[in-house]
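Values in this text are rule-based calculations from the coordinates and carry no lab data. In this text, all values refer to a predicted model and were calculated from it rather than measured experimentally. Positions of Cβ are backbone-derived with ideal geometry, glycine not excepted, and every protein chain shown enters the neighbour counts.
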Ligand SMILES: C[S@@+](CC[C@H](N)C(=O)[O-])C[C@H]1O[C@@H](n2cnc3c(N)ncnc32)[C@H](O)[C@@H]1O
C-alpha cells in the first residue's frame, strides 16, 4: 500500500482517530518536534495532526500521496493559521533536491508502507536530509506483552482494512542499506509506539 486508499478514508480519518489522538498521540507529537529547527519536512503529513507542534522558527513542508488527505490538511492550515507548504508527493520519489532539510519527521507513515517500500522510502529521506540533519520516525509495533499483543492481533484486520497499516513492519532492518545511522530508539507509549531517531551515515574519510 502506498497511500492511495487514504483518499477514501480522508473524510472520516480525524473522527476515527480522535480517541487515540486525544489519549495517546498529542503528547508524543509534542516530544517529536521539541528540538527541531530550520527546514523541516513532515513526510506523510496526512490531515495535519502535527501542525500545532511545529516549532515557531522552522520552515515546514508537508508532503502526502493522497490529495484528499492534503485537502483536509489545507483546511486545518487555514483554521490554525500555520505556516506550512503542502505538496502532493510520493515519499519514495520526492521532487526535492539532495540535502534540502535540516529535520524530517514522519508519524505513522512507515507502518503503512509495505516491506518493499521501506528501503526506497528511507533512502529518499536520507537523500533529502542534510548531513547533520535529524530524522524522527514514529511507528506502531507489536507489543511483547502477551495480553497487549493479543489485543493488537484482534485489531490488526481493522487497521489493515481501514488504514492499510500493519504492526509488524521492521523498519530498523533497512536502515543500514538505506545509509542511515540509528541515533536512538525508544518507546514513547508503552512498548507499542516507537521513536527512531536517525541521521545520514557519514562518508568515511579514507
Ligand atoms: C496513518 S496516516 C498518518 C498521517 C499523519 N502523519 C499523522 O500522524 O496523523 C499515513 C499517511 O501517509 C500517507 N502516505 C501513504 N503512503 C505514502 C507515500 N508513499 N508517500 C507519501 N505519503 C504517503 C497517507 O496518504 C496518509 O496520509
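Quick look at the values:
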{"quantity": "Listing of helices (runs of 4 or more DSSP H) fully contained in the range 1-119 that carry 2 or more residues being touching a helix residue (DSSP H, G or I) at 6+ places or on another chain (Cβ under 9 Å) and within 21 Å of residue 129 (Cβ to Cβ)", "calculated": "26-33"}
{"quantity": "Checklist (1) under 22 Å from residue 31 (Cβ atoms); (2) out of contact with any helix residue (DSSP H, G or I) (no Cβ under 8 Å at 6 or more places or on another chain); (3) part of a helix (DSSP H, G or I) applied to residue 127, failing item", "calculated": "(1)"}
{"quantity": "Residue in the range 20-37 that is more than 13 Å from the ligand (Cβ to nearest atom), buried (at least 19 other Cβ atoms within 10 Å of the Cβ) and more than 18 Å from residue 189 (Cβ to Cβ) present", "calculated": "yes"}
{"quantity": "Residue within the range 6-19 that is in contact with a strand residue (DSSP E or B) (Cβ under 9 Å, 6 or more places away or on another chain) and within 11 Å of the ligand (Cβ to nearest atom) present", "calculated": "yes"}
{"quantity": "Filtered residue count, the range 48-66, keeping only those that are within 9 Å of the ligand (Cβ to nearest atom) and more than 12 Å from the chain's Cα centre (by Cα)", "calculated": "2"}
{"quantity": "Residue identified as under 17 Å from the mean Cα position of the chain (by Cα), touching a residue at least 60 places away in the same chain (Cβ under 8 Å) and over 21 Å from residue 171 (Cβ atoms) among 102, 42", "calculated": "102"}
{"quantity": "Among residues of the range 77-104, those that are more than 9 Å from the ligand (Cβ to nearest atom) and crowded, with 21+ Cβ neighbours inside 10 Å, counted", "calculated": "4"}
{"quantity": "Positions within the range 105-115 being within 12 Å of the ligand (Cβ to nearest atom) and more than 10 Å from the chain's Cα centre (by Cα), in sequence order", "calculated": "113, 114"}
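Okay, residues lined up against (1) farther than 17 Å from residue 107 by Cα; (2) free of Cβ contacts under 8 Å to residues at least 24 places away in the same chain; (3) outside any helix (DSSP H, G or I); (4) touching a strand residue (DSSP E or B) at 6+ places or on another chain (Cβ under 8 Å):
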site	(1), (2), (3), (4)
157	yes, yes, no, no
161	yes, yes, no, no
174	yes, no, no, no
181	yes, yes, yes, yes
187	no, yes, yes, yes
191	no, no, yes, no
197	no, no, yes, yes
